[in-house]
Amino acid sequence: MASFILYSILATLFVYFLFKLRSFGRRLPPGPKPWPIVGNLPHLGPKPHQSLAALARSYGPLMHLRMGFVDVVVAASAAVATQFLKVHDANFSSRPPNCGAKYVAYNYQDLVFAPYGPRWRMLRKISSVHLFSGKALDDFRHIRQQEVSVLTRALASAGPTPVNLGQLLNVCTANALGRVMIGRRVFGDGTGGGDRKADEFKSMVVELMVLAGVFNIGDFVPALEWLDLQGVAAKMKKLHERFDAFLTEIVEEIKSNGSDECGKNKTMFSTLISLKENADDEGEKLTDTEIKALLLNMFTAGTDTSSSTVEWAIAELIRHPNILAQVRQELDMVVGQDRLVTELDLPQLTYLQAVVKETFRLHPSTPLSLPRIAAESCEINGYHIPKGSTLLVNVWAIARDPEEWVEPLVFRPERFLAGGEKANVDVRGNDFELIPFGAGRRICAGMSLGLRMVQLLTATLVHAFEWELADGLLPEKLNMEEAYGLTLQRAVPLMVHPKPRLFLDAYGASN
């Protein structure tokens, strides 16, 4: 064993010097000087999106880092992001190898991490046509509204005990997805009260996002991968077993019951099962593993991102009572006080939409974009980008860039209204100063669903309740620190007292 470790170290050193020779003489983007072997990994700190934003202020919006033996380029401005995600999008359409995709995402068989090619195009087409098209979303609108109503009734009956808002939001989004995907709730009656499975699921998702956000040494120094120095691979393998058991139980239960109808509509799971028998235009068919991998994507990326964004939105509104009052005034004018908000109300809620955009700007659910890899060498802004480079787009830094935004650290929804500085900016991947869902070919497949859920939940919570912080905490004292993972969690959960403000009948009604 000792000789094998020595061999690994010598091989690592040999490859390291070859790697340095390979890039000698080429004009790479600027960046901090790397350490031997590990490169710039020590520069990342506990919150890499913040550390990389600070480095960009010194080295510029296009940086080169060396993570172990991997070239990494970081885009930290809208202009640079446009070059990568629009001009050179085709060259950056695949993901680099990483232990998360290998050990958790069924060895790259999901939509998020699958390599660009026929299999990925098949999964993307299935998602776009059958899962997230406008018609598919409209068909299941009533389910989302029903689950939001369940959440609202649970909050209205919470009593004097403060509630963990993020946890209840996670239960709501997971159950809404569960009913659409598999025809039933995944957590009890949807109230989230004392549900052990809901607590476990939330912890699994958070653990996945934390682990996926770790810059694992084994991903960047392949010769050291087998040592698993940070224990990331071992944790991911155990987490995969828990997720796989969760998904397998769901699939087997549906198969044994022989029915997966949801009202008058078939579920998305039944749609996926039917697609197993039919090849697409490129002769590709879905497999059982890909179906489970898609379910994994939906239940992880589709729950935590939406619930955490709404939690941030409510926290910001509590801290800004004038803005909260303005949103509420708009809601009372459009909706009234005798019913809950529906998705059909959302297009009329201009100020609410601006609040959601501002939340996406300051608190993007994925602060560092999921990494991409350069299929071929290219040139960006006069700098050489080597083949095999990993691309990171610092979405968090771009949305706080003072070159793009007036008073970027201030929560001000008016910037997105008529006459505001960014009145025409949208979040759907065309305006690169605000890309919470990414952009280009690998833009988030569930963007339309995520937007609907975040807008509906935020509007409902603002409209239906007055909010007080737990333990008499003053709004200006509310902790707004971030806990880094792949998704942007709050460091301290938002504990609140909801106070119903609508007519009583509104909380008992079903949309």
Sorting PHE437, PHE92 on solvent-accessible surface, 1.4 Å probe, most exposed first, gives PHE437, PHE92
Counting each DSSP H run of 4 or more residues in the chain as -39500 (n - 2.57), what helix-only mean residue ellipticity at 222 nm follows after dividing by all residues, to the nearest 500 deg cm²/dmol?
-> -14000 deg cm²/dmol
Gap in Å between the Cα centre of region 336-405 and the Cα centre of region 53-72?
-> 20
Pairs LYS125/LYS387; LYS86/LYS387; LYS238/LYS292; LYS135/LYS197; LYS125/LYS266: which exceed 21 Å Cα-Cα?
-> LYS125/LYS387; LYS135/LYS197
Using alpha-carbon coordinates, inclination of helix 196-212 to the longest axis of the chain, degrees = 30
Could you grab the relative contact order for the chain? Cα pairs under 8 Å, six or more apart, rounded to a whole percent.
-> 23
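What's the magnitude of the charge dipole for region 360-511 around its Cα centre, counting Lys and Arg as +1 and Asp and Glu as -1 at the beta-carbon? Answer in Debye, nearest 20.
Numbers: 15 positive and 18 negative charges, 101 e Å.
Roughly 480 debye for region 360-511.
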Per-residue HN-Hα couplings for region 379-391, Karplus 6.51 cos²θ - 1.76 cosθ + 1.60 at θ = phi - 60°, whole Hz, x for Gly and Pro?
-> 10, 10, 6, x, 10, 7, 10, x, 4, x, 5, 8, 9
With all protein chains present and a 1.4 Å probe, how do ARG442, ARG452 order by accessible area, largest first?
-> ARG452, ARG442
Could you give the size of the charge dipole of the chain about its Cα centre, using +1 on the Cβ of each K and R and -1 on the Cβ of each D and E, expressed in debye and rounded to the nearest 20?
-> 1060
Put +1 on the Cβ of every Lys and Arg and -1 on every Asp and Glu Cβ in the chain; which of SER149, GLY166, LEU346 then has its Cα farthest towards the positive end of the dipole?
-> GLY166
What whole-number value in Å² describes the accessible area per residue of the chain for a 1.4 Å probe?
-> 42
Counting only DSSP loop positions in region 474-503, the GluC sites (Glu not before Pro) whose Cβ has at most 16 other Cβ atoms within 10 Å are GLU481
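Under 1.5 on a/c is rounded, so check that first for region 41-507, then, if it is not, pick prolate when a/b is larger than b/c and oblate when it is not; a ≥ b ≥ c are the square roots of the alpha carbon gyration tensor eigenvalues. Walk me through the numbers before you get to the answer.
Numbers: a/c = 1.58, a/b = 1.17, b/c = 1.35.
Verdict is oblate for region 41-507.
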Rounded to the nearest 10 Å², the accessible area of LEU502 at probe 1.4 Å = 20
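At a 1.4 Å probe radius, which order do CYS172, CYS444 fall into by accessible area, largest first? Please report the intermediate quantities before stating the final value.
Numbers: CYS172 5, CYS444 60 Å².
Accessible-area ranking of CYS172, CYS444, largest first: CYS444, CYS172.
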How many percent of the accessible area of region 356-511 is carbon or sulfur, using a 1.4 Å probe?
-> 51
Student exercise, region 431-485 dipole from Lys, Arg, Asp, Glu Cβ charges, in Debye to nearest 20 | 500
Rounded to the nearest 10 Å², what accessible area does ILE37 show when all protein chains are kept and the probe is 1.4 Å?
-> 40
Among THR359, GLY388, LEU370, which residue has its Cα positioned farthest towards the positive end of the charge dipole of the chain, with +1 placed on the Cβ of Lys and Arg, -1 on the Cβ of Asp and Glu, and the dipole taken about the Cα centre?
-> GLY388
Note down the accessible area of TYR383, probe 1.4 Å, to the nearest 10 Å².
-> 50
Rounded to the nearest 10, the angle in degrees between the Cα long axis of helix 141-156 and the longest principal axis of the Cα atoms of the chain comes to 70
Among PHE269, SER94, PRO500, whose Cα sits farthest toward the positive end of the charge dipole of the chain (+1 at Cβ of Lys/Arg, -1 at Cβ of Asp/Glu, about the Cα centre)?
-> SER94
Table column - 3J(HN,Hα) (Hz), region 112-126, Karplus curve with 6.51, -1.76, 1.60, x for Gly and Pro | 5, 10, 4, x, 5, x, x, 5, 5, 4, 5, 5, 5, 5, 4
Angle, helix 165-182 long axis vs. longest principal axis of the chain, Cα atoms, 0 to 90°, nearest 10?
-> 90
Under 29 Å from the Cα of LYS477 - lysines, other chains or at least 8 residues apart | LYS47, LYS202, LYS357, LYS499
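The values are calculated or read from the model by the stated rules, or taken from the named source; none is laboratory data. Source: prediction; values computed, not measured. All Cβ positions, glycine included, derive from the backbone under ideal geometry; neighbour counts span all protein chains shown. Accessible surface areas use protein heavy atoms only, side chains included; no ligands, DNA or RNA. Shrake-Rupley method; radii C 1.70, N 1.55, O 1.52, S 1.80 Å.
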